[in-house]
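So the structure is just underneath, and the comments pick up after that.
The values are calculated or read from the model by the stated rules, or taken from the named source; none is laboratory data. Since we're looking at a predicted model, the values are computed, not measured. Here Cβ is always computed from backbone atoms with ideal geometry, including for glycine, and neighbour counts include all displayed protein chains.
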Amino acid sequence: MKSPYISRRSLMIGAGALSMTPMLASGALAEAPQLGTQIPGWYRFKIGEIEATIISDGLLNLGSANDQFPAAPQDQIAEIMKAEFLPVEPMMLEQNCIVLNRGGRLVLIDSGMGKDEMFGNGAGRLLRNLAAASITPEQIDDIVLTHAHPDHCWGLVGADGSPLFPNAMLHLSQVDFDFWTDESKLSAEGFLPAFVAGARRNLLPYRERMNFVSDGKEALPGITAIATPGHTLGHMSYIISSGDEAFLNVGDVCHHYALLFENPGWEFAFDTDPGLAAKTRLRLFDMAATEALPMIGYHFPFPGLGNIRRAGSAYEYVPIALSHG
Ligand SMILES: [Zn+2]
């Protein structure tokens with residue numbers, strides 16, 4: 001196949017191009033077609049003996065930050081976003097799924113948005129990025145969900161409704177399964193019917209190979225569930241540990257690294273119980289800061305790995321430097 005990087009100069013040599021101007025002869029004007037949008041695909045690191053790979057499902061477009069944090073002062077949102085060099089609109093959130101390889105079992109945490117474009121066309125890249133990281137869907141033994149919202153479970157089935165991960169057991173909280181597959185909510189107001197219909201479509205095909213996780217118990221060896229209710233009532237965070245290393249997978253306890261560490265009490269539009277979600281966020285932040293637990297944030301900037309430190313009565317997020325080891 002012809003390389004897109006072959007320079008115009010090298011193609012022209014046979015046509016007498018050696019007499020071209022010195023600037024062209026330097027090769028600095030090599031023809032290199034722009035390759036289009038680039039979203040990071042995957043990032044691999046170790047947690048003790050576990051090989052962990054963050055797999056991006058791409059970006060979600062959440063519209064205006066003012067709509068997503070409706071009770072927060074708009075001037076404060078504008079000030080923070082400006083200080084972070086981010087627009088108030090669109091507020092983009094990344095999706096950091098994760099694959100854990102414990103040597104013998106491959107575990108995927110959260111499945112991304114699938115092909116639905118409810119939040120724009122930048123999502124649904126999990127399968128492509130799994131392939132880029134040399135992982136096939138057939139290799140996934142277990143899928144652990146933080147909760148049953150679209151961007152976490154709508155990537156479980158294909159367009160024909162059949163499981164995309166044919167060998168995987170599904171692990172999630174029973175509270176979330178019962179809530180988001182409840183048929184009676186299909187006639188509710190607001191976003192609930194669409195969310196419930198999508199959860200039913202994605203979760204029910206796995207009904208015969210489903211395990212419910214409980215607070216304080218291991219969902220799988222080295223993956224301990226912590227009930228973190230509020231964003232959804234059955235939301236679970238997970239401590240992933242091996243040897244003396246551990247990471248806290250916060251899931252959707254915190255959606256935005258710039259806004260919510262500084263204002264952990266702010267309520268998010270898609271929270272089922274916003275007041276409880278804020279209390280849970282404060283509890284989890286306090287735990288992570290006290291125990292110096294590094295975090296994996298599903299919606300933090302790729303690859304979503306960071307530490308938390310106290311800053312007055314609030315917190316600060318500090319991204320972890322990437323490793324090349
Ligand atoms: Zn989410």
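Scan region 48-66 for residues that are buried (at least 20 other Cβ atoms within 10 Å of the Cβ) and touching a strand residue (DSSP E or B) at 6+ places or on another chain (Cβ under 9 Å) and jot them down. Steps first, please.
So the first thing to find is which residues in region 48-66 are buried (at least 20 other Cβ atoms within 10 Å of the Cβ), and the list is 50, 52-60, 62, 65.
Scanning region 48-66 gives Ile50, Ala52, Thr53, Ile54, Ile55, Ser56, Asp57, Gly58, Leu59, Leu60, Leu62.
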List pairs: first in region 69-93 and more than 16 Å from Pro264 (Cα to Cα), second of a type in the set (Val, Ile, Thr), Cβ under 7 Å, 6+ apart or cross-chain?
Ala78/Val88; Val88/Ile77
Quick check: anything in region 141-155 under 14 Å from Cys97 (Cα atoms) and surrounded by fewer than 17 Cβ atoms within 10 Å (Cβ to Cβ)?
no
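If you go through region 121-140 one residue at a time, do you hit one that is of a type in the set (A, V, I, L, M, F, W, C), within 18 Å of Gly161 (Cβ to Cβ) and away from the ligand (no atom under 16 Å from the Cβ)? Spell out how you get there, then give the answer.
Keep residues of region 121-140 that are of a type in the set (A, V, I, L, M, F, W, C), which gives 123, 126-127, 130-133, 135, 140.
This time we only want the ones that are within 18 Å of Gly161 (Cβ to Cβ), so: 126-127.
With away from the ligand (no atom under 16 Å from the Cβ) added as a condition, the list becomes 127.
Checked against the condition, which is being of a type in the set (A, V, I, L, M, F, W, C), within 18 Å of Gly161 (Cβ to Cβ) and away from the ligand (no atom under 16 Å from the Cβ), region 121-140 yields at least one hit.
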Tell me, which strands (runs of 3 or more DSSP E) wholly within region 122-229 include 1 or more residues that are in contact with a Ser or Thr (Cβ under 7 Å, 6 or more places away or on another chain)?
142-144, 210-212, 218-220, 223-227
Go through the residues of region 144-167 one by one and say whether even a single one is touching a residue at least 40 places away in the same chain (Cβ under 8 Å), more than 16 Å from the ligand (Cβ to nearest atom) and under 27 Å from Ala289 (Cβ atoms).
no
Could you list all residues from region 274-294 that are charged (D, E, K, R) and within 16 Å of the ligand (Cβ to nearest atom)?
Arg281
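Counting just the residues of region 183-223 that are within 19 Å of the chain's Cα centre (by Cα) and not small (Gly, Ala, Ser), which one comes out nearest to the ligand (Cβ to nearest atom)? Break it down into steps so the answer makes sense when it comes.
Initially, region 183-223 is screened for residues within 19 Å of the chain's Cα centre (by Cα), giving 195, 198-199, 202-203, 223.
Right, trim to not small (Gly, Ala, Ser) and you get 195, 202-203, 223.
On the way: Phe195: 11, Asn202: 14, Leu203: 16, Ile223: 19 Å.
Looking at the filtered set, the residue picked out is Phe195.
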Single residue of Leu86, Leu145 found to be modelled with pLDDT of 95 or more and either within 30 Å of Ile223 (Cα to Cα) or touching a helix residue (DSSP H, G or I) at 6+ places or on another chain (Cβ under 6 Å) (or both):
Leu145
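Only one residue in Gly297, Gly251 is on the phi > 0 side of the Ramachandran plot, within 16 Å of the ligand (Cβ to nearest atom) and surrounded by 23 or more Cβ atoms within 10 Å (Cβ to Cβ), so which one is that?
On the way: Gly297 fails: on the phi > 0 side of the Ramachandran plot.
Answer to the check: Gly251.
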